[in-house]
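The values are calculated or read from the model by the stated rules, or taken from the named source; none is laboratory data. Remember, predicted model here, so these are calculated numbers, not experimental data. Note that we place each Cβ from the backbone using ideal geometry, even for glycine, and neighbour counts take in every protein chain shown. Areas reflect the complete protein model, heavy atoms only, side chains present, ligands, DNA and RNA absent. Shrake-Rupley method; radii C 1.70, N 1.55, O 1.52, S 1.80 Å.
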Amino acid sequence: MPERRTVALVTLGCARNEVDSEELAGRLAADGWELVENAEEADVAVVNTCGFVEAAKKDSVDALLEANDLKDHGRTQAVVAVGCMAERYGKELAEALPEADGVLGFDDYADISNRLQTILSGGSIEAHAPRDRRKLLPLSPVERQEAAASVALPGHGSVDAPENVPSDLPEGIAPASGPRAPLRRRLDTSPVASVKLASGCDRRCSFCAIPSFRGSFVSRRPSDVLNETRWLAEQGVKEVMLVSENNTSYGKDLGDIRLLESLLPELASVDGIERVRVSYLQPAEMRPGLIDVLTSTEKVVPYFDLSFQHSAPDVLRAMRRFGDTDRFLELLETIRSKAPTAGARSNFIVGFPGETEADFAELERFVTHARLDAIGVFGYSDEDGTEAATYEHKLDQEVVDERLAHLSRLAEELTAQRAEERLGETLEVLVESFDEEDGWIGRAAHQAPETDGQVVLTTSDGTSPDLTPGRMVSAKVVGTEGVDLVAECLFEEAGR
């Protein structure tokens, strides 16, 4: 009987990393590894790191150190770093953090089982050597699909030939249905799951390092996205969220920049799927047809995760982005003219090099009038290898911190006001979990997982209703708690 090998995957960062972790889980389970939830119960703890901003990198290092501590008093024998921080820094991370027994890049994912077995057996794997992944594929998007077959793209499946994929997969692993379809194993039982629509980014925002370690933009084929969604529905998933670095670019390398508009209705028609959500939309790439599909297609939620970042023209140009306050407000007005209760969220950077008091006031003007449901605010910090890191006219950290605190307070007030505007609305709520203190918790169409608040479900007599995860219920908003809503179930209209 083969020796029992256990592995735990600790995932940090965004939903894209969660998809990557489930691909790694699928590969490992297919090769006989037993997946366990807690790192202290695992022979190997694999930490899927985030390398986006300083705070995320610190969280990743802390997670690696915490996992390393388990080697002194638990089952854990090895700690391995994967993910964006490992890909971005590789050998530098390995030298700075000798507690990690391995630092593996995206190229190692296809052979992750053998890599972990070598480390568990006391061997060593040379730390990943970082490289600019934008240079791995042709500059022209339409020439990328064929070339991408030989490049490791997390969430897109293996670069191996299909015949190398096991035919007798254990139960619960998504079958590889094509040469680029990934193995996947769910790491939780949530009725919500992300599906990767594409990888990489062709935009060159001056503050962002992501394209350098995630590479150029590559779409997944619609058939792969559909097949994975069908498999998720078979696993009990009710809502799929499409993720990538830039969903508005989907299809441009497949010869059809409007491919998302035709794919969304097909995803919404998958048996068992009740809700399709699209995240990561670029305002400069929004087009009328996409807005129409997002606001009028049954089961596709009118939800707009728009990456504004700022609204002062001079700051946006320095960021190598486009738009201004009035154009952004017009975009939101267009969306709400078609779907008055549409959800909208965004993130903003304050204290960007050269940002004047007038620029900051312009951003305040936009945020005040935009009526966003959720707002993320970040203080600018230099990122290695970015153009903005070389800019002059850096603001004092005290000024950055002051503007960050000010806009964060304003955002908190405005999103709470926006939640209050929803009092009396009837929502379709996806039931997700039960909390001992609050009772049943779910999310409405305007709320993405983890980032946009939640709905606490109750009944007319104030008690917790009798519900189950994955059920869709109609509920009327009767109260608010910041961005969170309290809603009374309408059982005569509830469920499907």
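Per-structure values
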item	result
Subset of the range 382-403 that is within 23 Å of the chain's Cα centre (by Cα) and crowded, with 16+ Cβ neighbours inside 10 Å - its residue that is modelled with the lowest pLDDT	Glu383
Among (1) within 21 Å of Arg321 (Cα to Cα); (2) at pLDDT below 95; (3) open to solvent by less than 10 Å² (accessible area, probe 1.4 Å) - the single one Arg203 does not satisfy	(3)
Criterion violated by Ala445 - all others in (1) of a type in the set (A, V, I, L, M, F, W, C); (2) touching a residue at least 24 places away in the same chain (Cβ under 8 Å); (3) under 28 Å from Val315 (Cβ atoms) satisfied	(3)
Filtered residues of the range 99-124 (kept if closer than 13 Å to Arg27 by Cα and of a type in the set (A, V, I, L, M))	Ala110, Ile112, Leu116
Search result, residues across the range 389-421 that are touching a Pro at 6+ places or on another chain (Cβ under 6 Å) and either aromatic (Phe, Trp, Tyr) or over 24 Å from Phe207 (Cα atoms) (or both)	Tyr391
Selection status of Gly439, under 28 Å from the mean Cα position of the chain (by Cα) and within 29 Å of Pro340 (Cβ to Cβ)	no
Count of the range 35-55 residues which are surrounded by fewer than 16 Cβ atoms within 10 Å (Cβ to Cβ) and of a type in the set (A, V, I, L, M, F, W, C)	1
Any hit, the range 442-461, residues being open to solvent by 50 Å² or more (accessible area, probe 1.4 Å), modelled with pLDDT under 95 and over 23 Å from the mean Cα position of the chain (by Cα)	yes
Members of the range 404-437 that are open to solvent by 70 Å² or more (accessible area, probe 1.4 Å) and in contact with a Leu (Cβ under 9 Å, 6 or more places away or on another chain)	Leu423, Thr426, Phe434
Residues of the range 74-117 that turn out to be acidic (Asp, Glu) and farther than 24 Å from Ala209 by Cβ, as a count	3
Matching residues, the range 292-302, being open to solvent by 30 Å² or more (accessible area, probe 1.4 Å) and in contact (Cβ under 8 Å) with a residue 60 or more places away in the chain	Pro302
Residue match in the range 410-431 (condition: free of Cβ contacts under 8 Å to residues at least 12 places away in the same chain and closer than 24 Å to Pro340 by Cβ)	yes
Pairs with Cβ under 9 Å, 6+ apart, first in the range 303-315 and open to solvent by 10 Å² or more (accessible area, probe 1.4 Å), second basic (Lys, Arg) and assigned to a loop (DSSP other than H, G, I, E, B)	Ser307/Arg321; Gln309/Arg321
